[in-house]
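J.: Pasting a structure below so you can have a look.
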Amino acid sequence: MSLPPGFLDELRSRASLSQVVGRKVMWDMRKSNQGKGDMWAPCPFHHEKTASFHVDDRKGFYYCFGCHAKGDAIGFIKDSENVSFMEAVEILAREVGMTMPARDPKAQQKQDRRTQLAEVMEQAVQYFRLQLNTGAGAAARDYVARRGLAGPALERWEIGFAPEGWQNLWDHLRGKGVAEDLILGAGLAKPSNKGGKPYDSFRNRIMFPIRDARGRCIAFGGRAMDPNDNAKYLNSPETELFDKGRSLYNHGPARAAAGQGQPLIVAEGYMDVIALAEAGFGASVAPLGTAITEPQLQLMWRIADEPVIALDGDAAGLRAAMRVIDIALPLLEAGKSVRFALMPEGKDPDDLIRAEGSAAVQKVLDQAIPMVRLLWQRETEGKVFDSPERKAALDKALREKIKLIRDPSIRSHYGQEIKDLRWQLFRPQRPAKQGRQSARRMNWQAERAPATQGVKSSLLVAGDEEARNRMRVAVILASAIATPQVIVEFEHKLEEISCSDPDHALLRDLVLREGIAAPETLRERIDQALGPETLENLHALRHVAISPCVRRPGDEDLARMTLAEELAKLDAHRGWQAEIAEAQEEFSEAKDEAFTWRLGQAAEALNRATRSENEEKTIYDTGDNGARINREEREKLDALLEKISYNKGQK
């Protein structure tokens, strides 16, 4: 069976040789360098104890220095599974999600045509390079000189010039005996709509050859010399050789440079790539004038595990970076990610290099941020979250994005990182951390207006309501720690509670930060951060020790009821304090019946909250000894006792 042109190239580019080989060998991690795709293991084809089998994941080849076995992913499957070449292709295609093509009797003919098209493209490269050195190319030479490209660089990048005129290249190639259908098939000319001769695709443009990973010229990019031209940059149309969404400018040289340890940098255009490479950043590529596509991202990951997207420092560059996030999230896997380096506002890499040199670019690259931070920036920048509804909308948007990640481990880490960032955004600023013991000595009490002597002596404070609030906070925290599954439902309320005890404040902050963890993990993190005595002291409090939530950890209904009730009491107490503070201001001005009535109303509101007006909505009553009694069971018991009493009366 013959395969269509390009099928094997795409199959090899999609497959990771280290993953294919990794199913058959045990890697020697002391000798391997996974970040560079340089892997070593004992050879699977002959018995040995040393790691002489080498896999170069970036180049896609393996070699054994013992038995001299060598090949690519297809060859490895063929030899290790003892199957034919086509069977190995089918196995690998299934693994990478490619559909085997139907039998094509003309495949060889098509391959021959692709070879012919590539030869025509090489002739075009030479023609354009010659034209740059003619009188017609004087303005183009001046332009590239102003951009800092001297003779050696022009040779390295094979930069040329397409002169003005409709049939210059067409006439040149036809004069060399090149068939018309090959010129048209290579995308170098277009048929006339008026019945005349075909006309050149590129006219009055500086020409940049685009080569594939194997070094074949597959397309051109042209930069217009006329400032009034509708298209500043123009790429070849898609052909049998060229698929714009699956190609990268400078692919082959960048792969070689990345193999030598250089970071892979993704810029926007040809001149950015050339400027970066000439400044020493050889592993630089560009996505050919389009937003980065999924196949292009896969190609980048074949070159490097963590490419750096270095986009222009303008609104368009930032929008392009944001689009990469949506493409990359579903594709993330362990060790494969993306970082973002945004250039200074109004500059691209080429501008920055010419203005400040390569050190300035290196500084920007060193400050590249991980994708999760840019995702957070996209969802929060320029927005105000001053209400629970807006905060909930942010949470929903971020959850929807994180759900796109298929790898459960990465999804979990993204969730934790987002939670940390959310914490930093919504928590009030606190004094600089000075260590746990020092923080405990800080004054965590909320500031309040000084009370007059009349208020201090009133019945409203005689019962030490502040102490009862500390008890409530302790019960709330202990209940949340015992059943952390419900923390997310009460997150906003937990953020609002004021802790007069510094241990409670530290514990609340940690519970909110780590709340998505399992109960055992949450307790372990609390012990690590605050010390084991923190939980010991909390559970030693009598009102915490007898709490049903602490005795029955994991009971979500009980935890929800307890948190809702205790938080409602704290809300009522805050409202009472606000009422007292307001009445206090009026105390010196009006000591009349209205003032007394307001104090009475505030006291009654607090009394109702303390008695828990919501108890009729719960399934529990409180017994004389303070224990909770299931209301349904109590009603059944009362009915039974009443029936027994009635029967005794009948007798």
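J.: Could we say that Tyr143 is of a type in the set (Ser, Thr, Tyr) and in contact (Cβ under 8 Å) with a residue 60 or more places away in the chain here?
T.: yes
J.: If I ask for residues that are surrounded by 16 or more Cβ atoms within 10 Å (Cβ to Cβ) and out of contact with any Phe, Trp or Tyr (no Cβ under 7 Å at 6 or more places or on another chain), which ones from the stretch 128-146 would you list?
T.: Within the stretch 128-146, Arg129, Ala136, Arg141, Val144 qualify.
J.: If I filter the stretch 196-215 down to residues being among the basic types (Lys, Arg) and at pLDDT below 90, which single residue comes out as farthest from the chain's Cα centre (by Cα)?
T.: Applying the filter and picking the extreme gives Lys197.
J.: Also: If you check Ala439 against the conditions, is it buried (at least 17 other Cβ atoms within 10 Å of the Cβ), at pLDDT 50 or above, small (Gly, Ala, Ser) and within 39 Å of the chain's Cα centre (by Cα)?
T.: Spelling it out, it is not the case that Ala439 is buried (at least 17 other Cβ atoms within 10 Å of the Cβ), at pLDDT 50 or above, small (Gly, Ala, Ser) and within 39 Å of the chain's Cα centre (by Cα).
J.: Which of the residues belonging to the stretch 146-189 are free of Cβ contacts under 8 Å to residues at least 24 places away in the same chain, under 27 Å from Ile353 (Cβ atoms) and of a type in the set (Gly, Ala, Ser)?
T.: Once the filter is applied, which keeps residues that are free of Cβ contacts under 8 Å to residues at least 24 places away in the same chain, under 27 Å from Ile353 (Cβ atoms) and of a type in the set (Gly, Ala, Ser), the stretch 146-189 yields Ala150, Gly151.
Matching residues to (1) surrounded by fewer than 24 Cβ atoms within 10 Å (Cβ to Cβ); (2) farther than 16 Å from Met343 by Cβ; (3) in contact with a helix residue (DSSP H, G or I) (Cβ under 9 Å, 6 or more places away or on another chain):
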residue: Leu276; (1), (2), (3): no, no, yes
residue: Gln298; (1), (2), (3): yes, yes, yes
residue: Ala316; (1), (2), (3): yes, no, no
residue: Ala320; (1), (2), (3): yes, no, no
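J.: Tell me which of these Gln260 doesn't satisfy, since it passes every other one: (1) within 26 Å of the chain's Cα centre (by Cα); (2) more than 21 Å from Leu11 (Cα to Cα).
T.: That leaves (1) as the condition not met.
J.: Now, a different point. Just need a number here: residues in the stretch 486-507 that are in a helix (DSSP H, G or I), of a type in the set (D, E, K, R) and over 28 Å from the mean Cα position of the chain (by Cα).
T.: Final tally of qualifying residues: 3.
J.: If a residue must be in contact with a Ser or Thr (Cβ under 7 Å, 6 or more places away or on another chain) and of a type in the set (A, V, I, L, M, F, W, C), how many such residues does the stretch 243-280 contain?
T.: 7
J.: Would you say Pro227 is surrounded by fewer than 19 Cβ atoms within 10 Å (Cβ to Cβ), at pLDDT 90 or above, in the same structural domain as Pro163 (by TED's automatic domain parsing) and part of a loop (DSSP other than H, G, I, E, B)?
T.: Judged against the criteria, Pro227 is not a match.
J.: Here's something else I'd like to know. Suppose we filter Leu538, Leu570 for residues that are within 23 Å of His492 (Cβ to Cβ), crowded, with 17+ Cβ neighbours inside 10 Å and modelled with pLDDT under 80; which single one remains?
T.: Answer to the selection: Leu570.
J.: Which condition does Leu169 not pass, out of (1) closer than 16 Å to Asn133 by Cα; (2) surrounded by fewer than 18 Cβ atoms within 10 Å (Cβ to Cβ), if it passes all the others?
T.: Just one mismatch for Leu169, condition (2).
J.: To continue, here is another question. Could you please give the count of residues in the stretch 285-338 that are basic (Lys, Arg) and touching an Asp or Glu at 6+ places or on another chain (Cβ under 6 Å)?
T.: 1
J.: While we're on this one: For the stretch 509-524, give me each residue that is farther than 12 Å from Trp423 by Cβ, at pLDDT 75 or above and surrounded by 15 or more Cβ atoms within 10 Å (Cβ to Cβ).
T.: Leu522, Arg523
J.: Shifting gears a bit: I'd like to know if the stretch 204-215 contains one or more residues that are crowded, with 20+ Cβ neighbours inside 10 Å and of a type in the set (Val, Ile, Thr).
T.: yes
J.: Quick one: in the stretch 377-417, which of the residues that are of a type in the set (Gly, Ala, Ser) and over 23 Å from Glu333 (Cα atoms) is farthest from the chain's Cα centre (by Cα)?
T.: In this case the residue turns out to be Ser387.
J.: Within the stretch 117-131, how many residues are under 11 Å from Met207 (Cβ atoms) and in contact (Cβ under 8 Å) with a residue 60 or more places away in the chain?
T.: Final tally of qualifying residues: 3.
J.: Quick test for you: out of Ala355, Ala397, pick the one residue that is small (Gly, Ala, Ser) and touching an Asp or Glu at 6+ places or on another chain (Cβ under 7 Å).
T.: Sole residue among the options that is small (Gly, Ala, Ser) and touching an Asp or Glu at 6+ places or on another chain (Cβ under 7 Å): Ala397.
The values are calculated or read from the model by the stated rules, or taken from the named source; none is laboratory data. Note that the coordinates shown come from a computational prediction; the quantities given were computed from them, not determined experimentally. Note that each Cβ is placed from the backbone with ideal geometry, even for glycine, and that neighbours are counted across all protein chains shown.
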